[in-house]
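Below is one structure, written out as structure tokens; comments come after it.
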Amino acid sequence: MEEGDVTEEAAEVVAGSRAAVKSAQRAIQLIETLAGQGERLTATELQAVTGLPRSSLHGLLHTLLEAGWLEVEPGSAAYGLGVRALVCGTSYLDRDPAAPYAREAVESVRDEVGFTTHFARRIGADVVYLMTRESRSAIHRSRIGRTLPAHATALGKALLAELTRGEFDALLPDPLPALTPNTLTDPELLWADCVASRDRGYGAEIEEGSPGVRCVAAAVPYRIPATDALSCSIPIDHVTPDEVGRVTEVLVASAADLGARLRHAGIR
């Protein structure tokens, strides 16, 4: 084989690899776009949201549909996530060594305080809900896998408080999006709130993530910096300051206990 042939063949391999990577990136983009929506989207709507070329989009939709990652309801042209997404999401929790310990802690806190309790993990600038136990009077139903901006949640503040100022600045988007009129969107104010969270040992917010709800959260200290936290969601019209204080006390103690049990089990 001539040297020129080898060079040409290598170039074709590289080009093919790049095309495969681009297709994979686009497929992930489609899955994550649909995961972040509250409803199914048509191909036209997906194209508007993702900006993907129409020809590539239809090919990817067909492939993902055939593989079970997407589904279309009978008589509808709108796409939603398929059962394969559920299988993979469930597998993540099944393989997380912290999950059984966290589940026990979440159930214990919910039973003791009577309010919806969560276990969540910070992934970049977001928090992802990995476990939830609802109270009977819950205003908003949370779902496993729900993702919210860290800066708009007590969970996020408790975990952002674990970072240095440099890490904090490098991590968060600018500008910070507002989920409600109460969301802190000024990085300086947010950092001050995170410092306060660190000093008192828990994060807190009032209607910053959801109207009608206040939350308190405490980081679970088994990693440095902490990546996981416990939180309680409390309807603002149903509790007194003393009740919030009681919930916070239980939550902080439970997060510390969970962290100790995870460290004792060698889980990092």
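Might you check whether a residue that is assigned to a helix (DSSP H, G or I), in contact with a Phe, Trp or Tyr (Cβ under 9 Å, 6 or more places away or on another chain) and farther than 17 Å from residue 36 by Cβ occurs anywhere in segment 68-80?
no
Could you say whether any residue in segment 130-149 is of a type in the set (Gly, Ala, Ser) and within 23 Å of residue 221 (Cβ to Cβ)? For segment 130-149, residues of a type in the set (Gly, Ala, Ser) and within 23 Å of residue 221 (Cβ to Cβ): absent. As for segment 134-150, it holds at least one residue that is touching a Phe, Trp or Tyr at 6+ places or on another chain (Cβ under 9 Å), on the phi > 0 side of the Ramachandran plot and not assigned by TED's automatic domain parsing to the domain that holds residue 36. When residues in segment 184-232 are screened for being among the β-branched types (Val, Ile, Thr), touching a helix residue (DSSP H, G or I) at 6+ places or on another chain (Cβ under 7 Å) and over 19 Å from residue 129 (Cα atoms), 0 of them pass. If only residues of segment 96-109 that are of a type outside the set (A, V, I, L, M, F, W, C) and in contact (Cβ under 8 Å) with a residue 60 or more places away in the chain are counted, the one that is nearest to residue 131 (Cα to Cα) is 101.
Does residue 169 meet the test of being modelled with pLDDT under 95, in contact with a helix residue (DSSP H, G or I) (Cβ under 9 Å, 6 or more places away or on another chain), farther than 27 Å from residue 245 by Cα and not hydrophobic (A, V, I, L, M, F, W, C)? Answer is no for this residue.
Tell me whether segment 154-162 contains one or more residues that are assigned by TED's automatic domain parsing to the domain that holds residue 218 and either hydroxyl-bearing (Ser, Thr, Tyr) or at positive phi (or both). The answer is no; no qualifying residue exists.
The values are calculated or read from the model by the stated rules, or taken from the named source; none is laboratory data. The structure displayed is predicted, hence computed values, not measured ones. Using ideal geometry, Cβ is built from the backbone for each residue, glycine included, and neighbour counts are taken over all protein chains shown.
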